[in-house]
Protein chains: 2
Amino acid sequence: MKIAMLMYDNMTALDLIGPYEVFRFLPGATLHMVSKRPGLVRTDAGLQLLNSEFAFADISQPDILFIPGSTDNTHVMQDKETLAWVREAHSSSKWTTSVCTGSLILGAAGLLRSVRSTTHWAALDILERLGAQVVTERVVHDGKILTGAGVSAGIDLALTLAALEFEETLAKSIQLSIEYDPQPPFDAGSSQTAPSDIVRAVRARFRPT
Amino acid sequence: MKIAMLMYDNMTALDLIGPYEVFRFLPGATLHMVSKRPGLVRTDAGLQLLNSEFAFADISQPDILFIPGSTDNTHVMQDKETLAWVREAHSSSKWTTSVCTGSLILGAAGLLRSVRSTTHWAALDILERLGAQVVTERVVHDGKILTGAGVSAGIDLALTLAALEFEETLAKSIQLSIEYDPQPPFDAGSSQTAPSDIVRAVRARFRPT
């Protein structure tokens, strides 16, 4: 079970580390962090926080391809080398997955046309413009493509994948290992439940006009 | 708002990245990843995945001190240099915080005697032996010390801290930014709700006899 997780500058760290913390418990899994140039990766908080050990040429034919999101990944959506690697990895993957605006990269690579998929709530219109059939669910499963909503949805997505690829017992044991018994102190995690003034303010920050 | 987050080899990545993804939105926050020797940090999945930019000598008097956990951090609990830095940072911190077995490091530093605190469900007895007043809650608040349960509890802990230190509106806007509207596919995230055979199996893996 070869798992390739894309890294790029300005990515959101939790988008990747959530699924990583689940995938690492999959039987026989080998995790490969892959980027255009291996080495330190700067997150969208401006820190040299993550490290990639592999270049695109090092990793081909992963069983699981994973793409994280970012507060702004326009530079990746326009990078021909990255999109070519994503398309190639997808062509033989068993599962192609993304969290948050990682799906915009899949969309830019032309992989989501008419595919039921999702993204961060503030980027749903961009996903639609890329030809996807947009769904506002936490985890969306269409064929071999699994896409998740914003940032923290990656944990839900990876547990869903663990159950689909292996069995529910494994997914439950991973969930217990990471004590994933979420108890958010507020009910403001979705644009449906958060106060409307907060939704407006957060949307403005993510989508400068 | 100077935030110091400890890193060490064999740490659990999500323990730190969950709170990081919340703390980075705190007004005026500067995040410092601190380790005994700056540079790449190997996680408990065996990957050179994280990077620390500061040594202990570089960072003193943080406003928030944060300690992540690990599947095994005995080597840190026994490291005098690390414990001395933790004690010193705690002596002037506004908040001292941990997730998962990070609290065992606080306990080994002698900071949790009779303090209401928690840890990963499979390590509660160790925390008790360190003199803490053990509580089985998701996030435990005693004076300036905030401790969280296993791994994924760090997101709940950091949002709780954002509301305590600033205001609920800020915490809610961060929760919405990271779309923290958790929908675990199973109800197996706590040792109270997971099937008993899974609890036994996971406990055995975390606590080799």
Quiz item: Here are B:V115, B:V34, B:V76, B:V86: which of them is closer than 30 Å to A:T71 by Cβ and touching a residue at least 12 places away in the same chain (Cβ under 8 Å)?
Solution: B:V34
Quiz item: Only one of (1) closer than 30 Å to B:A188 by Cα; (2) surrounded by fewer than 18 Cβ atoms within 10 Å (Cβ to Cβ) fails for A:C100. Which number is that?
Solution: (2)
Quiz item: Residues of the stretch A:115-132 being surrounded by 20 or more Cβ atoms within 10 Å (Cβ to Cβ), in contact with a strand residue (DSSP E or B) (Cβ under 7 Å, 6 or more places away or on another chain) and assigned to a helix (DSSP H, G or I), which ones?
Solution: A:L127
Quiz item: Among strands (runs of 3 or more DSSP E) lying entirely in the stretch A:1-114, which contain 3 or more residues that are among the acidic types (D, E)?
Solution: none
Practice problem: For the stretch A:133-140, state whether one or more residues are open to solvent by less than 40 Å² (accessible area, probe 1.4 Å) and out of contact with any strand residue (DSSP E or B) (no Cβ under 8 Å at 6 or more places or on another chain). | Solution: no
Exercise. Looking at (1) among the aliphatic types (A, V, I, L, M); (2) open to solvent by less than 10 Å² (accessible area, probe 1.4 Å); (3) touching a residue at least 60 places away in the same chain (Cβ under 8 Å), find the lone condition where B:L170 falls short.
Key: (2)
Quiz item: Has the stretch B:149-165 got any residue that is part of a loop (DSSP other than H, G, I, E, B), over 30 Å from A:A204 (Cβ atoms), at the interface with chain A (Cβ under 8 Å from one of its Cβ atoms) and open to solvent by 50 Å² or more (accessible area, probe 1.4 Å)?
Solution: no
Quiz item: When only residues in the stretch B:8-18 that are touching a Ser or Thr at 6+ places or on another chain (Cβ under 8 Å) and more than 10 Å from chain A (Cβ to nearest Cβ) count, which is surrounded by the most Cβ atoms within 10 Å (Cβ to Cβ)?
Solution: B:M11
Quiz item: modelled with pLDDT of 95 or more and within 17 Å of A:I67 (Cα to Cα), is that true of A:G154?
Solution: yes
Exercise. Give me the pairs, please: first residue somewhere in the stretch B:134-156 and under 18 Å from B:Q192 (Cα atoms), second residue anywhere and open to solvent by 10 Å² or more (accessible area, probe 1.4 Å) and among the polar types (S, T, N, Q), beta-carbon distance under 6 Å, and either six or more positions apart or on two chains.
Key: B:R138/A:Q183; B:V139/B:T160
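The values are calculated or read from the model by the stated rules, or taken from the named source; none is laboratory data. Computed from a predicted structure; not experimentally measured. FYI the Cβ positions are ideal-geometry reconstructions off the backbone, even for glycines, and counts take in every protein chain you see. Areas reflect the complete protein model, heavy atoms only, side chains present, ligands, DNA and RNA absent. Shrake-Rupley method; radii C 1.70, N 1.55, O 1.52, S 1.80 Å.
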